[in-house]
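Where a number appears in this text, it was derived from the coordinates with a stated rule and is not lab data. Computed from a predicted structure; not experimentally measured. We place every Cβ from the backbone using ideal geometry, glycine too, and count neighbours over all the protein chains shown.
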Amino acid sequence: MTATPLQIVWFKRDIRVTDHRPLARAAAAGPVLPLYVVEPDYWCLPDTSERQYLFLREGLLELDENLRALGQGLVVRRGHVVDVLADMHKQFGVSALWSHQETGNGWTFARDIAVGNWCRDHNVPWHEERQDGVIRRLKSREGWAGKWDRFMAEPVTPPPERLAPLSNVSAGDIPTASDLGLKPDRCTARQVGGRRPALQLLDSFLVERGAPYQRAMSSPISAATACSRLSPYIAMGNVSQREVAQATWTRQRALKQAEGPGVTGWRRSLSSFSGRLHWRCHFMQKLEDEPRLEFENLHPAYDGLRDQAADNPLFNAWATGQTGYPFLDACMRSLVATGWINFRMRAMLMAVASYHLWLDWRHTGAHLARMFTDYEPGIHWSQVQMQSGTTGINAIRVYNPLKQAYTQDPKGAFVRRWLPELAAVPDDFIHEPWTWGQFDAVVSDAYPRPVFDHEHRARVAKDRIWKVRRSLGHRETSKKIAHKHGSRKSGMRHTGNRGRGQRKGAPTARRKTTPKTTAQLSLFD
C-alpha cells in the first residue's frame, strides 16, 4: 500500500484533461491515479459496436498521451469496475473516487449503483461532478433552461499543472477490438476519435463550414459538411459541451459586431446550433428522469402494439438497405459505412421502421444505436420513442420516403453514391426505379422492388396510432408525461447579450410560452 492513499479519477464518457473538474479537484486533494476500466460485459450489449469502441480507443490513446505530459499516464484495467476498485483499495488504499455523472444506458446505470454501494461499504467518498446540462434528481423542469445557461457559462476548468508519477502502479494496456471479440461492422468511413480532431472540427465549423448550417442540415448531401460533426466527440467527452457552447457564444458575439455579405446567414446558423446544444441535454434529461424509457413505452397505452419478433424479414431489409426505396436505403447504407447521418434522416429511418414496417422500436432502436458512432443513450432512446409515436405527447410524424427523396436529393446524387447497382437507371427514375421499363431486365437481380407499399402502410399505421390516442385514459396519462418531461421553453435562440443576473459569457435566450403537449420537440424545424 502507498504511503498516501490515492485519489482515483475514473474516466468514463469524459476522455479529456481540459474542463475535467474531477481530475482538477482530485489533483488538489492528493496523488492521482487516472483510471479507465474496459468493461467486456458492456461491449456485449445489443446497443454497442466495434465502431464505438474503436472511436473510444483512439481517444484513450490521446488521453494517455496528455496525462503523461502532466506526469502520470492513464492506468487501464479490464473487468468489472467494482472488482478493479476492490483490488486497488487492497493494494494502494483509495482515499476517494472522482468521476463525472453519467446518463448512460440501463447497464451503466446498474453498474454505477453497484459502485456506489461498494464505496459506501468501504467508506470511500465518491465525488460525482456534472459535465453537461442534465440535472440528477431533478424535481421539476421549471427553470431548467436557465440553469443550463448558467452551468455552461461557468469557467472552463484547466488541466492540473502536474500529476505526481506513481512508480508502483502498472499502466496496463488498452485492448484492441479483436481482444474484446468485437465483430467487425464495416464502418469504413468512420470519424477518428480524440480531442485533436474534435477541436479542429469545432474551429472549422465556427469559422468556415457553419455558414449554411440552418438551411443545409436537412439534406444528407449538404449536412455532411455543413453540420458540426461534433456529436461523437461530445458523446465520448473528448471535448466538453461547455467548451463548445462558449466557443459558439464567442463567435456569435463577434458576428453581432460584424458586417458584410453572409453575416446574417452566419448569425442564423449559429443561433440554430446554439439552440440544439440545449435540446441535446433536454432529451438526455428525459432518460435521467425516467430510465425505463430505454426498455418500455413511455405511454403504457402502446404496450403490445407492434410486432416484437427480431427475425422479421422486413427488419433485415430495412437494416441492410434493401427495402426497394433507393433514398431510404442510401441513408441506411451511408450510416452503416460512416457511423453518422443527419438528424432528419435518422428520424426518417426510425419512423419508417415503426410506422410503415410496424416494427418494435426496441429492435430497430438497438440496430441504429450500434450504427451511430455518436450514440448517446439519453438522446437516442428519447428520439426513438418520439419518432415511433409511443410517448403519447408528440405529434405523429409519418415520413413519406419518396417525398423525402425528391426534396432532399432531387438529382439523385446521394442515391447514386450509395447504391451503385442503380448506375444504369436514368435520372428521371432514380427514386422509383421499378417504374422504369427496363427495371426487370437491367436492375432486378441486383436491387429489389419495394418490399412495402408506403402509402397503404402509412394509412394503416396512422389509424392504429390514432385508435390508441382516442382510447379511454390516454389523455390523462399524456398530461402527466408532459408535465414531467415537456419543455418549459422552446426555441433556445441566443442573441449574444446578457440578461440581468446572468453569468458573463452566456447569451440570453428568447423566452416563449410552453408548447402544447402535442407539439413535436424537433431538432430540425
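Summary of values
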| read-out | value |
| --- | --- |
| Net charge dipole size for the chain [Lys, Arg +1 and Asp, Glu -1 on Cβ; Debye, nearest 20] | 2660 debye |
| Cβ-derived FRET efficiency at R0 25 Å, SER167 paired with ALA28, nearest 0.05 | 0.70 |
| Neighbourhood net charge (9 Å Cβ-Cβ; Lys/Arg +1, Asp/Glu -1) for GLN387 | +2 |
| Cβ-placed point charges (K, R +1; D, E -1), dipole of the stretch 96-141 about Cα centre in debye, nearest 20 | 280 debye |
| Two-site FRET efficiency, VAL468 against ARG130, from Cβ-Cβ distance with R₀ of 35 Å, rounded to 0.05 | 0.40 |
| Estimated FRET transfer efficiency when R0 is 51 angstrom, pair LYS256-ALA110 (beta carbons, to 0.05) | 0.65 |
| Extension reserve of the ASP303-ARG78 stretch, reckoned as 0.36 nm per residue once the Cα distance is removed | 77.2 nm |
| Under the span-like rule (Cα at least 20 Å along the axis, Kyte-Doolittle mean at least -1.0), DSSP H helices of the chain | 50-70, 106-121, 263-289 |
| Stretch gain in nm, segment ARG215-ASN316, where the contour uses 0.36 nm per residue and the Cα spacing is subtracted | 33.1 nm |
| Filtered GluC sites (Glu not before Pro), the stretch 240-298: DSSP coil and at most 11 other beta carbons within 10 Å | GLU259 |
| Extension gain from SER178 to LYS484, taking 0.36 nm per residue of separation minus the Cα-Cα distance | 105.9 nm |
| Shape category assigned to the stretch 57-187 from the gyration tensor of Cα positions, a/c cut at 1.5 | rounded |
| Distance-filtered residues of the stretch 158-194 - backbone nitrogen under 16 Å, label point 7 angstrom along GLU65 Cα→Cβ | 174, 192-194 |
| Cα gyration tensor shape of the stretch 101-168, rounded if a/c is under 1.5, else prolate or oblate by comparing a/b with b/c | oblate |
| Cα→Cβ-extended label distance, 7 Å offset, between ARG196 and ASP440, nm | 5.8 nm |
| GLU421-ALA86 pseudo-label distance in nm [points 7 Å out on the Cα-to-Cβ vector] | 5.2 nm |
| Shape of the chain, Cα gyration tensor, a/c cut at 1.5 | prolate |
| Long-range amide H partners of HIS127 with built H, under 5 Å | LEU97, TRP98, SER99 |
